[in-house]
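S.K.: Got a structure for you, questions after.
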């Protein structure tokens, strides 16, 4: 008995490579509508053929065809899942845009708080302990017992600004209140952007219009993509342990290096984060420049800030902040999406 023909329903969306065929066997394939569920296998006698086809071969044909039919029939579910995912992405993106707008307005009205906002984000992240996988940018710095620690001296005003911004953000949020963990890191992002924009305006002699055009043309705004995706941090329910964050303005370079090493960073990241290490970036850089391992990076970023684009400095700073702002955090990628309307199956008529 030989294999005369094998006719199956194969969705046109699935492209399969041709099967190698014996020279003594002919294969005919007919195309049926995508939603057809018919499977027909015809066995013809061919006494002259030496190719023997057993029941196992036929079952394999049936199995492969049925499997492809199941995959094809599940396409609608895949499309629905993709559509739902796109809707959630859009909801989160719209919410992020609103948060950035609120923070931009608040920071523009309080430019003197930019250094404090950066240090607030750093200190909230620096509680991360690599050995226990605890701490990190979890918003624990909002607790009075943590914000009042020596290393957080002078940061209360920045936290107060964010608490007021949070009230406004939560009032228009359709997906629940924003976490302090997210808000603190997003504020650091907004503070950095405002700093780069201010630098561009200074380079244009104080002309805001030209400064905006300069930053739009040469700024590294597009490098924030990964940072924006890491949106959905959960707030800690208690303060992080004491002793994990140095007093930056009193710490030695070696103490700074040790802390950065403990979280997986090195001299390069330490140098680029100098603006976060206390209120006086110039003083911090002068201290770091005295260390042979950090000095080359300090010089590199100082020179970069003198250029029109500041590319080296800005890209490395964005990259480091992005990594720092997710230390030890499990990101909920469905956070802030709108509640799904529940269906009462009891009312459905079958």
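S.K.: List 162, 214, 117 from most exposed to least, where exposure is judged by having the fewest other Cβ atoms within 10 Å.
M.R.: Going from sparsest to densest Cβ surroundings: 214, 162, 117.
S.K.: Work out how much length residue 153 to residue 133 would gain on full extension: take 0.36 nm times their residue separation and subtract the Cα-Cα distance, in nm to one decimal.
M.R.: Extra length available between residue 153 and residue 133 comes to 4.6 nm.
S.K.: Can you tell me how much longer the chain between residue 202 and residue 164 gets when fully stretched, taken as 0.36 nm per residue apart minus their C-alpha distance, in nm with one decimal?
M.R.: That works out to 10.7 nm of additional length.
S.K.: How much length, in nm to one decimal, is gained on full extension between residue 145 and residue 110, taken as 0.36 nm per residue of separation minus their Cα-Cα distance?
M.R.: 10.1 nm
S.K.: Here is a further query. Got a sec? How would 224, 248 order by Cβ neighbour count within 10 Å, fewest to most?
M.R.: By the 10 Å Cβ count, ascending, the order reads 224, 248.
S.K.: Let me ask you something else. Stokes-Einstein diffusion coefficient for segment 146-257 at 10 °C in a medium of 1.306 mPa s, Rh from the Kirkwood formula over Cα pairs: what value in µm²/s?
M.R.: D, rounded to a whole number, is 93 µm²/s.
S.K.: How big is the Cα convex hull of segment 179-315 in projection, averaged over all directions, in nm²?
M.R.: Mean shadow area of the hull around the Cα atoms is 9.5 nm².
S.K.: Then there is this: Which value in nm describes the separation of the simple spin-label points at residue 172 and residue 255, placed 7 Å from the Cα toward the beta carbon?
M.R.: 4.3 nm
S.K.: Relative to the compact-globule scaling 2.2 N^0.38 Å, provide the ratio for the alpha-carbon radius of gyration of segment 234-350.
M.R.: After normalising by residue count via 2.2 N^0.38 Å, the value is 1.60.
S.K.: Next question, about the same structure. Counting only the backbone N, which residues of segment 188-228 are under 15 Å from the spot 7 Å out from the Cα of residue 89 toward its beta-carbon?
M.R.: 225-228
S.K.: Projected area of segment 93-324, taken from the Cα convex hull and averaged over every viewing direction, in nm²?
M.R.: The directionally averaged projection comes out at 12.2 nm².
S.K.: Further question on the same structure: Specify whether the C-alpha gyration tensor of segment 201-280 places it in the rounded, prolate or oblate class, a ≥ b ≥ c being the square roots of the eigenvalues: rounded for a/c under 1.5, otherwise prolate if a/b is larger than b/c and oblate if not.
M.R.: In terms of gyration-tensor shape, prolate.
S.K.: Mean separation of Cα pairs under 8 Å and 6+ residues apart, divided by the residue count of segment 134-249: what relative contact order is that in percent?
M.R.: Normalised by residue count, the contact order of segment 134-249 is 41 percent.
S.K.: Strictly greater than 15 Å: what percent of every Cα pair in segment 269-309 meets that?
M.R.: When all Cα pairs of segment 269-309 are counted, 34 percent exceed 15 Å.
S.K.: Sorting 186, 204 on the 10 Å Cβ count, fewest up front, what's the list?
M.R.: Fewest-to-most Cβ neighbours within 10 Å comes out as 204, 186.
S.K.: Just how far, in whole angstrom, is segment 275-300 from segment 301-341 if you go by their alpha carbon centroids?
M.R.: First find each Cα centre; the distance between them is then 21 Å.
Rule-based calculations on the coordinates, nothing more; no lab input. Predicted model only: the values in this text are computed from it and were never measured. Every residue, glycine as well, gets a Cβ built from its backbone with ideal geometry; the counts of neighbours run over all protein chains shown.
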